[in-house]
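For reference, the structure discussed in these notes is given below.
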Amino acid sequence: MKTAASRHSLGFTLIEVLVALGILAISLMAGLRAAASMTSNAERQWQVLLAQTCADNAMSQLRLSAQFANLGEQRVACVQGSLDMSVVLTVAPTPNAAFRRVDAQVFNANTPVLRLTTLLGRY
C-alpha cells in the first residue's frame, strides 16, 4: 500500500518545472546574443578588409602617377563585392618639401570604415 509521502516524490511540482524553464530561457537568450555579436563582428571585419583593399588601390594610384601628388582632397569610387565604397584622399604638405602626407578615409554609405595615413615621396 502506498503512503501519502511516497505519492509526493513521484514527480516535479509545477513551480519546479516553471523555474527550470525560466533558467533555460535565460541561458538560451544569452547564447543567442553571443551568436549575434559574433555575426556582427564578422561583418565588420569583412567590411574593414574590403576597405583596406580600396585604400591600398587609391594610394597605389597616387604612387604610380607621373606627377607629384597635388595638395587637396579628392574622392574616388570603389566597388568591392556588393559594397559601393568611396575613398577620400587628402594630400597635405609636410615640413620637408620632398614628401606629402596622404590620408585615405574609406566610407560605406557615408559611414567611416577605415582611415590610413602615409607619406608619399617626390621620387
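Where a number appears in this text, it was derived from the coordinates with a stated rule and is not lab data. For clarity, every value in this text was computed on a predicted model and none was experimentally measured. A quick note on method: Cβ atoms are made from the backbone with ideal geometry, for glycine too, and the neighbour counts reach across all protein chains shown.
What percent does the relative contact order of the chain come to when contacts are Cα pairs within less than 8 Å and at least six residues apart? Walk me through the numbers on the way to the answer.
On the way: 138 pairs, mean separation 20.9, N = 123.
Contact order relative to length: 17 percent.
Residue by residue through segment 76-84, which ³J(HN,Hα) values in whole Hz follow from phi under the Karplus form 6.51 cos²θ - 1.76 cosθ + 1.60 (θ = phi - 60°), with glycine and proline marked x?
3J(HN,Hα) across segment 76-84, in whole Hz: 10, 7, 8, 9, 10, x, 9, 9, 9.
For the residue pair Met38 and Phe99, what label-to-label distance in nm results when each label sits 7 Å from Cα along the Cα-to-beta-carbon direction?
Rounded to a tenth, the inter-label distance reads 4.4 nm.
Convert each backbone phi in segment 57-62 into a coupling constant with the Karplus relation 6.51 cos²θ - 1.76 cosθ + 1.60 (shift: θ = phi - 60°), then list the ³J(HN,Hα) values in order as whole Hz, x for Gly and Pro.
5, 5, 5, 5, 4, 5
Rounded to the nearest 0.05, what FRET efficiency do Ser60 and Ser82 have when you use their Cβ-Cβ distance and R0 = 25 Å?
The pair Ser60/Ser82 has a calculated efficiency of 0.60.
Putting +1 on Lys and Arg Cβ atoms and -1 on Asp and Glu Cβ atoms, find which of Ala30, Gly121, Leu10 reaches farthest to the positive end of the dipole of the chain.
Leu10
Taking θ = phi - 60°, what integer Hz values does the Karplus form 6.51 cos²θ - 1.76 cosθ + 1.60 yield along segment 110-122, in sequence order, with x for Gly and Pro?
These are the phi-based 3J(HN,Hα) values: 6, 9, x, 10, 8, 9, 10, 10, 8, 9, 10, x, 5 Hz.
Going by Cα centres, segment 13-77 and segment 82-97 are how many Å apart?
23 Å
Dipole magnitude of segment 13-121 about its Cα centre, charges +1 at Lys/Arg Cβ and -1 at Asp/Glu Cβ only, in debye to the nearest 20?
On the way: 7 positive and 6 negative charges, 71 e Å.
The calculation lands at about 340 debye.
Among Ala20, Phe99, Asn70, flag the residue with its Cα farthest along the positive direction of the charge dipole of the chain, charges on Cβ as +1 for Lys/Arg and -1 for Asp/Glu.
Of the candidates, Ala20 comes out farthest on the positive side.
Determine the equivalent ellipsoid of segment 13-121 by diagonalising the alpha-carbon gyration tensor, then write out the semi-axes as square roots of 5 times the eigenvalues, largest first, rounded to whole Å. Walk me through the numbers on the way to the answer.
Numbers: eigenvalues 497, 34, 17 Å².
Computed over segment 13-121, the values are 50, 13, 9 Å.
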